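Novice: Dumping the structure here so I can ask a few things about it.
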Amino acid sequence: MYKVFIDGKEGTTGLQIYERLEKRADIELLLLPEEKRKDLSARKEMINKADVVFLCLPDAAARESVSLCENPKTKIIDASTAHRTADGWAYGFPELSPEFKAAIASSNRIANPGCHASGFIALVYPLVKSGLVPADYPFVAHSITGYSGGGKKMIAEYESAERSTLLDSPRQYGLTLTHKHLPEMTKVCALTSAPIFNPIVGDFYSGMCVTVPLFTKLTGKNLTPNSLKEFYTEYYKGAKFLSVGDSENGFLAANVLSGTNKMELFIGGNEEQILLSARFDNLGKGASGAAVQNMNVALGLEEDAYLN
């Protein structure tokens, strides 16, 4: 039985990981009483006692927790932004390539991807790696997410009986074009410059759809929606959670995969302009589901254990 400690269990991602693990027969969850959850010595004891530690904390606190680990066998899976581009940390997206999966399996330090970044990278990494789109392509991404992505404060704001009428409308944010997911989107995809990224929060609890448009003339390749559909189907062949899907009569609803660890890719457009979309749950494949998937891989278990 594996001992697991969730540092930051009270947050949205931490609670979701807890709910995914609490009934597993192969997991013993190490828990701290409420009054000790911020106690440094108590957290250190749990971190070094655990086989796997999930960090569901702000960046500074996540770095502090890593510094507390003295057990060379403890595997740390960090759900914060702190280590996603750090040397020595495996990037936790096993579907991207056998090399990514092998790094997760052999590493004791795993950075869980960001939610928006997961959709962008699932679409763009294969294109750049395969040479279908150049690394200097001027990528743009639009992403709509449910309000649970904003954490407890935003959830309370949206679910308040006295909430502002402004919340009835989708709201763009990240208007300075310095969103915290941009560094990993740029580095993992090996882009020469960061994409323009337009995140939007909507009035629904969970779900996400990330969309990347392409001008085929700028790629230098004869790309079509059908050829890219075939490309992604082959690239992610055998993936447990990624598949290529179809829209619902010309619409893509962002909340269809809520509660799952699945991601669906969609290809639309025409021979001049192509629209690539990735739909998934911002709390599932975009956060806690991906974290548990990474734990399964790191422990040598079936990748989809307890995730179906």
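Every read-out reported here was derived from the displayed coordinates using simple, explicitly stated rules and does not represent laboratory data. Computed from a prediction, not measured in an experiment: that's the story for all the values here. With ideal geometry, Cβ positions are generated from the backbone for all residues, glycine too; neighbour counts draw on all protein chains shown.
Novice: Along the Cα→Cβ direction, 7 angstrom out, place labels at Glu19 and Glu230. What is the inter-label distance in nm?
Specialist: Label at Glu19, label at Glu230, 4.2 nm between them.
Novice: Which value in nm describes the separation of the simple spin-label points at Gln273 and Asp39, placed 7 Å from the Cα toward the beta carbon?
Specialist: Distance between the two pseudo-spin positions: 6.0 nm.
Novice: In nm, to one decimal, how far is the Glu157 label point from the Phe251 one, both placed 7 Å along Cα→Cβ?
Specialist: Roughly 2.7 nm, to one decimal.
Novice: Explain nothing, just compute: Karplus ³J(HN,Hα) = 6.51 cos²θ - 1.76 cosθ + 1.60, θ = phi - 60°, for every residue of region 280-291 in order, whole Hz, x for Gly and Pro.
Specialist: Whole-Hz 3J(HN,Hα) from phi for region 280-291: 6, 9, 4, 8, x, 4, x, 6, 5, x, 4, 5.
Novice: Please list, ordered by chain and number, the residues whose modelled amide H lies under 5 Å from the amide H of Glu28; skip anything fewer than 5 residues away on the same chain.
Specialist: Tyr2, Lys3, Val4
Novice: Can you put His142, His116, His181 in order of Cβ neighbours within 10 angstrom, beginning with the fewest?
Specialist: Details: His142 17, His116 29, His181 23.
Final ranking by Cβ density, sparse to dense: His142, His181, His116.
Novice: Could I ask something else about it? Need the full-extension length gain, Ala190 to Glu10, defined as separation in residues times 0.36 nm minus the C-alpha distance. One decimal, nm. Walk me through the numbers on the way to the answer.
Specialist: On the way: separation 180, 0.36 × 180 = 64.80 nm, distance 3.47 nm.
Extra length available between Ala190 and Glu10 comes to 61.3 nm.
Novice: Placing +1 on the Cβ of each Lys and Arg and -1 on the Cβ of each Asp and Glu in the chain, which of Asn48, Val292, Thr165 has its Cα farthest towards the positive end of the resulting dipole?
Specialist: Result: Asn48.
Novice: Another question, if that's okay. Which length gain, in nm to one decimal place, applies between Ser130 and Glu302 when the Cα-Cα distance is subtracted from 0.36 nm times their residue separation? Mind showing how you got there, number by number?
Specialist: Values: separation 172, 0.36 × 172 = 61.92 nm, distance 2.77 nm.
Extra length from Ser130 to Glu302 when fully extended: 59.1 nm.
Novice: Considering only lysines 8 or more places apart in sequence, or on different chains, count the pairs in region 152-283 whose C-alpha atoms sit under 29 Å apart.
Specialist: 21
Novice: Shifting gears a bit: Quick one: how many lysine pairs in region 1-76 have C-alpha atoms under 22 angstrom apart, if they're 8 or more apart or on different chains?
Specialist: 24
Novice: Continuing with this model, one more query. Using modelled backbone amide H atoms (1.01 Å from N, in-plane), which distant-in-sequence or interchain residues come within less than 5 Å of Lys75's amide H?
Specialist: The list, which skips near neighbours in sequence, is Val52, Val53.
Novice: Let me check I have the definition right: for region 53-125, take the eigenvalues of the Cα gyration tensor, multiply each by 5, take square roots. What are those semi-axes in whole Å, largest first? Present the calculation step by step, with values, prior to reporting the outcome.
Specialist: Working: eigenvalues 91, 46, 12 Å².
Taking √(5λ) for each Cα gyration eigenvalue gives 21, 15, 8 Å.
Novice: Quick one: work out the % antiparallel among DSSP beta bridges in the chain, nearest 5. Working shown, then result.
Specialist: On the way: 22 of 49 bridges.
Here the antiparallel bridges make up roughly 45 percent for the chain.
Novice: Where does helix 225-235 land angle-wise versus the long Cα axis of the chain, in degrees 0 to 90, nearest 10?
Specialist: On a 0 to 90 degree scale, this one is about 30.
Novice: Using a cut-off of 19 Å between alpha-carbon atoms, which aspartates and glutamates can reach Lys129, once sequence neighbours fewer than 8 places away in the same chain are excluded?
Specialist: Excluding near neighbours in sequence, the set is Glu95, Glu99, Glu184, Glu230, Glu234.
Novice: Another question, if that's okay. For region 18-32, what does the Karplus curve 6.51 cos²θ - 1.76 cosθ + 1.60, with θ = phi - 60°, yield as ³J(HN,Hα) per residue in whole Hz, taken in order and with x for Gly and Pro?
Specialist: Those phi angles translate into 4, 5, 6, 9, 4, 9, 6, 6, 9, 10, 10, 7, 8, 10, 9 Hz.
Novice: With a 10 Å radius around each residue's Cβ, average the other Cβ atoms per peptide and rank 238-247, 286-295, highest first.
Specialist: Working: 238-247: 15.3, 286-295: 27.8.
Peptide ranking by packing, descending: 286-295, 238-247.
Novice: If you take the beta carbon distance between Leu31 and Leu175 as r and set R0 to 45 Å, what does 1/(1 + (r/R0)^6) give as a FRET efficiency, to the nearest 0.05? Mind dumping the intermediate values first?
Specialist: On the way: r = 40 Å, r/R0 = 0.89.
After rounding to 0.05, the efficiency reads 0.65.
Novice: Taking the chain as the reference, fit the longest principal axis to its C-alpha atoms, fit the long axis of helix 40-49 to the helix C-alpha atoms, and give the angle between the two in degrees, 0 to 90, nearest 10.
Specialist: The angle comes out at about 80 degrees.
Novice: Rg and Dmax of the chain over Cα atoms: what are they, in angstrom?
Specialist: Final numbers for Rg and Dmax: 19.3, 61 Å.
Novice: Then there's this: Students often check this: by mean Cβ neighbours within 10 Å, which of 199-206, 1-8 ranks highest, and how do the rest follow?
Specialist: Values: 199-206: 18.1, 1-8: 21.0.
Going by the mean number of other Cβ atoms within 10 Å, highest first, we get 1-8, 199-206.
Novice: If you restrict to DSSP beta bridges whose two residues both lie in region 115-282, what percentage is antiparallel, to the nearest 5?
Specialist: Details: 22 of 32 bridges.
Restricted to region 115-282, the bridges split so that about 70 percent are antiparallel.
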